[in-house]
Amino acid sequence: MAVLSHLGPTRVDSAAIVAGLGVLCRALGVAMLVPAAVGFALGETDAGAAMLLGAAVAHILASPLSRERLPARLTWSQAFTLAGMAWFVGSLVSAVPLLLSGHYSSVLQALVESMAGLTTTGAVFVEDLDHMPVAINLWRHALHPLGAVGALLVVATIRLRGETLVATSTVAEAGEHRILPRRGRSLRAAGGLVLVWSALGTLVLLPILLALGLPPGRAVLHAVTLATSAFSTGGFTLTSASAGALHSATVQLVLLVLMIAGATSMMLHRALWARRHHDLLRELDVRVLAATGFGVVLVTLVGLVRSGAHTGFEELARQGVFTAIAAHTTTGMTATPGQLLATGWGDLAPAALVVAMGIGGMGGSIAGGVGSLRVGLIVKGVVRDVRRLLLPESALVVETYQQARRHVLTDQHVRAAATILLLMLASVFAGSVAALATSSEGDLPEALFAATSAVSTTGLSVAFVGPESGWVTMSTTGLLMWFGRLEFLAVLASIGMVARIIPGVGGRG
């Protein structure tokens, strides 16, 4: 017991986590002031007051938490625990103005919508989205870039010694108290990436939207929200018709570019910025994402042709290609109603979307899913094991892969990647069972689609997942988004840390 007590969280660990949550609450409170000001400027008094009350609650919560001082550098265990708790606490705080807006009938509904925003999932649980005040809608969309920055910081935290972004539990290899890079540098890098791409997307979309005939104010609002939502691989839009509301192939093309950029790893963005292009096609991430993306688009189009849901090349491209890439980049935007995805696309196309959502984007990107890097590592591990069986026992079989530099594939890499895959499959199974057990409207394919969409932080939804969902389905969806965004281990680490802190729990009585 003495050994277990020694291994438990120290006073320094608890202080660092509390201080981090205080910084988070204060930052959210400051961020709420912007949509509050917009609301009052537009005459949306109730919405502006809701945002101000939300900001006040955030600052009240931050006051006692901020008594502790956040260290410039965190240990692995502190960072994992803080990441797991930050998304849950942040969702609670962010849900306050949503609940006060009157567009959510329960605390749970507002909380799950907030979780969908911060996890860049994009699943919609709001009632009467088309008539939501601008201020509240701006806050919903602001959650995506805030969550995107947080996701990139988590990626920087749980990487393998800065080399391979397998993003699994490698604390034992690096050492329990290994110190991470200074948070300021990582925050500037992540925030700068999100800001630059969102601004670039806004500048490109604005003249297109003006040419479509939108009033200047509405065009600016659509450009900003669409750009930030697409690059953050989120999926929130201003209307219930999602990306299909504008009926523009040009807008969809710009959004596709932003989605792919959001699903691209930070490492690749840095390489492109530094003009190091020569080795990019050798990267395992790039090859797997390109191959799976092409395959998913092809199968989706074949499925749509077989189902007869869409006719004509242009309609197939605008509906099928856009939705397939949105699924693969785990962006919840769509040009197709959720009911049609579930019942009008046949069986093959939705199955391709499920695979696309499960794979997700590159490791080290904003996108969710297993990650193309892990998929590549698992495939290479299988190939290596088959070669071992075919060659003599004395033969030395070495498999390598390119990720920033040449690496030798080890059993630890394959095991770590397979762990995340198994956790995701288990979550999809559990979520599907919960949906089928509590909903009389969905069937097995719809339940699998909805669970995969949630745990991969995609947000493409089917009819029985939304504002009318029962509390079990809604809460299960929220938990799957939380677990999927943090790739399970950070959530489990935070739960374990809290269990050891509470007296009488975890053997610390």
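The values are calculated or read from the model by the stated rules, or taken from the named source; none is laboratory data. Just so it is clear, the structure is predicted and the values come from calculations on it, not from any experiment. FYI the Cβ positions are ideal-geometry reconstructions off the backbone, even for glycines, and counts take in every protein chain you see. SASA here: full protein model, heavy atoms, side chains in, ligands and nucleic acids out. Shrake-Rupley method; radii C 1.70, N 1.55, O 1.52, S 1.80 Å.
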*Any chance you could count how many residues in the range 424-453 are open to solvent by less than 50 Å² (accessible area, probe 1.4 Å) and either among the hydrophobic types (A, V, I, L, M, F, W, C) or part of a helix (DSSP H, G or I) (or both)?*
14
*Which members of the range 272-307 meet the condition of being in contact (Cβ under 8 Å) with a residue 60 or more places away in the chain and more than 23 Å from the chain's Cα centre (by Cα)?*
279, 282
*Could you figure out which of (1) assigned to a helix (DSSP H, G or I); (2) open to solvent by 20 Å² or more (accessible area, probe 1.4 Å); (3) among the aliphatic types (A, V, I, L, M) isn't true of residue 230?*
(2)
*Could you tell me which residue of the range 68-121 is modelled with the highest pLDDT, considering only residues that are part of a helix (DSSP H, G or I), of a type in the set (Phe, Trp, Tyr) and surrounded by fewer than 24 Cβ atoms within 10 Å (Cβ to Cβ)?*
88
_Residue match in the range 206-221 (condition: among the small types (Gly, Ala, Ser), assigned to a helix (DSSP H, G or I) and modelled with pLDDT under 90)_ = no
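Each row is one residue, and each column tells you yes or no for (1) closer than 20 Å to residue 119 by Cα; (2) over 20 Å from the mean Cα position of the chain (by Cα); (3) part of a loop (DSSP other than H, G, I, E, B); (4) touching a residue at least 60 places away in the same chain (Cβ under 8 Å).
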site	(1), (2), (3), (4)
324	no, no, no, no
327	yes, no, no, yes
331	yes, no, yes, yes
336	no, yes, yes, yes
349	no, yes, no, no
353	yes, no, no, yes
364	yes, no, yes, yes
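Give me a count of the residues in the range 193-224 that are β-branched (Val, Ile, Thr) and surrounded by 24 or more Cβ atoms within 10 Å (Cβ to Cβ).
Number of matching residues: 0.
Here is a yes/no grid of residues against (1) open to solvent by 40 Å² or more (accessible area, probe 1.4 Å); (2) at pLDDT 90 or above; (3) within 25 Å of residue 409 (Cα to Cα):
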residue	(1), (2), (3)
338	no, no, no
351	yes, yes, no
359	no, yes, yes
364	no, no, yes
368	no, no, yes
371	no, no, yes
377	no, yes, yes
381	no, yes, yes
*Looking at 412, 402, which one is over 22 Å from residue 298 (Cβ atoms), assigned to a strand (DSSP E or B) and of a type outside the set (A, V, I, L, M, F, W, C)?*
402
_Any residue in the range 374-390 that is part of a helix (DSSP H, G or I) sitting within a Cβ distance under 6 Å of a residue that is surrounded by fewer than 16 Cβ atoms within 10 Å (Cβ to Cβ)? List the pairs, counting only those 6 or more apart or interchain._
384/397; 387/397; 388/397
*Tally the residues that are farther than 12 Å from residue 101 by Cα, out of contact with any helix residue (DSSP H, G or I) (no Cβ under 7 Å at 6 or more places or on another chain) and part of a helix (DSSP H, G or I), restricting the search to the range 40-53.*
1
*If you take the residues in the range 266-314 that are over 27 Å from residue 414 (Cβ atoms) and among the hydroxyl-bearing types (Ser, Thr, Tyr), which one is most open to solvent (accessible area, probe 1.4 Å)?*
311
*Filter the range 283-322 for residues that are more than 21 Å from residue 359 (Cβ to Cβ) and part of a helix (DSSP H, G or I) and give the result.*
305, 306, 307, 313, 314, 315, 316, 317, 318
*Failed item in (1) part of a helix (DSSP H, G or I); (2) in contact (Cβ under 8 Å) with a residue 12 or more places away in the chain, with residue 37 passing the rest*: (2)
*When residue 124 is evaluated against the numbered criteria (1) part of a helix (DSSP H, G or I); (2) open to solvent by 30 Å² or more (accessible area, probe 1.4 Å), which criterion, by number, is the only one it fails?*
(1)
*Working only within the range 386-403, note down all residues that are in contact with a helix residue (DSSP H, G or I) (Cβ under 6 Å, 6 or more places away or on another chain) and hydrophobic (A, V, I, L, M, F, W, C).*
397
*Do you know which of the residues in the range 411-423 that are over 13 Å from residue 487 (Cα atoms) and not acidic (Asp, Glu) is surrounded by the most Cβ atoms within 10 Å (Cβ to Cβ)?*
413
